Amino acid sequence: MNADAKKTVLRMIPYGIYVLTADDGKGNVAAATVNWVTQSAFGPPLVVVGVKADSGAYKIVQSTRKFVLNMLGKDQKGLAFTFFKPASVSEGKISGQPYHLAANGAPILTEAPGAIECSVTAIVEQGDHHVVVAEVTEAHLMKPPAGRPDNAILEMKDLGDTVFYGG
Ligand SMILES: Cc1cc2nc3c(=O)[nH]c(=O)nc-3n(C[C@H](O)[C@H](O)[C@H](O)COP(=O)(O)O)c2cc1C
């Protein structure tokens, strides 16, 4: 396989940008910017997320089987960059961002336009990122979009010409 072609062609896949949050209830809280996300079924509503197998977020998701996917708005590029780094909780905020806990125990970023609560149904342990399959158990719409919902959210291509995850 030609490595350059593989990289370029895989980078033709468009992605949204999300913050995956999880809390083990023992003082370990994760908030990680992720892009390898898609819905995979209507009934029950399922999503799949590629989660880095050696990350703090993966460890918590694996143990609690619960997480929240926070959508980011077009104007929230700064938040995407904030959560590329490991998150820290202080003064009731995650990396400076206000949050509250969802019914499933994971944090919801208050400033996200929307968020879904997810309950893990399977984990496919292949590669350096594992495929987490999860049922959507609750949806929160903090900021109803004016037009198409997918027009309102931050995408990989909004992060700049040199930012990619994939290839
Ligand atoms: C552009 C970009 C996209 C990313 N997408 C993912 C992703 O889809 N899945 C993932 O597990 N990590 C992804 N990451 C890495 C996480 O953001 C990073 O590992 C995490 O925030 C570190 O925190 P943690 O180790 O405490 O979980 C991405 C990083 C960048 C720069």
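Bear in mind these aren't lab numbers, they're just calculated from the coordinates by the rules spelled out. None of these values were measured; they are calculated from a predicted model. Reconstructed Cβ throughout: ideal geometry from the backbone, glycine too, with neighbour counts over all protein chains shown.
More than 22 angstrom separation, counting every C-alpha pair in the stretch 82-167; what % is that? If you can, show how the numbers build up before the last one.
Numbers: 1723 of 3655 pairs.
Summing the P(r) of the stretch 82-167 above 22 Å gives 47 percent of all pairs.
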Practice item. Check each of the GluC sites (Glu not before Pro) in the stretch 90-138 and keep only those in coil by DSSP with at most 15 other C-beta atoms within 10 angstrom; list them in order. Key: GLU91, GLU111, GLU125
Review point. Count the lysine pairs in the chain that are 8 or more places apart or on different chains: how many have C-alpha atoms under 19 angstrom apart?
Key: 16
Check your understanding: In whole Å, what is the distance between the alpha-carbon centres of the stretch 53-68 and the stretch 100-167?
Key -> 14
Exercise for review: Take the Cβ-Cβ distance between SER90 and LYS143 as r, set R0 to 25 Å, and report the resulting FRET efficiency rounded to the nearest 0.05.
Suggested key: 0.45
Practice item. Calculate the spin-label point distance for LYS77 paired with LYS157, positioning each point 7 Å from the Cα along the beta-carbon direction, and give it in nanometres. Key: 1.5
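Let's test the formula: R0 of 41 Å, r as the Cβ-Cβ distance of ALA103 and ASP4. What FRET efficiency results, to the nearest 0.05? Display every interim value, and only then the final one.
Numbers: r = 46 Å, r/R0 = 1.13.
Working from the Cβ atoms, E equals 0.30.
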Check your understanding: If Lys and Arg each add +1 and Asp and Glu each add -1, what is the summed charge of the other residues whose beta carbon sits under 12 Å from the beta carbon of PRO45?
Key -> -3
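Listed highest first by mean packing, meaning other Cβ atoms within 10 Å per residue, what order do 5-14, 156-165 come in?
Going by the mean number of other Cβ atoms within 10 Å, highest first, we get 156-165, 5-14.
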Review point. Of LEU109, PRO149, SER63, whose Cα points farthest to the positive end of the dipole of the stretch 46-167 (charges on the beta-carbon: +1 Lys, Arg; -1 Asp, Glu; origin at the Cα centre)?
Key: LEU109
Exercise for review: Any chance you could get the radius of gyration and Dmax over the Cα atoms of the stretch 1-142, in Å?
Suggested key: 15.0, 50
Revision key, fill the gap. Going from the fewest other Cβ atoms within 10 Å to the most, one would list THR110, THR82, THR21 as THR110, THR82, THR21
Review point. Which order results if VAL133, VAL34, VAL124, VAL19 are arranged by neighbouring Cβ count within 10 Å, fewest first?
Key: VAL124, VAL133, VAL34, VAL19
Check your understanding: When the Karplus curve 6.51 cos²θ - 1.76 cosθ + 1.60 is applied with θ = phi - 60°, which whole-Hz ³J(HN,Hα) does each residue of the stretch 85-102 get, with x for Gly and Pro?
Key -> 9, x, 7, 9, 9, 8, 6, x, 10, 9, 6, x, 9, x, 8, 9, 8, 6
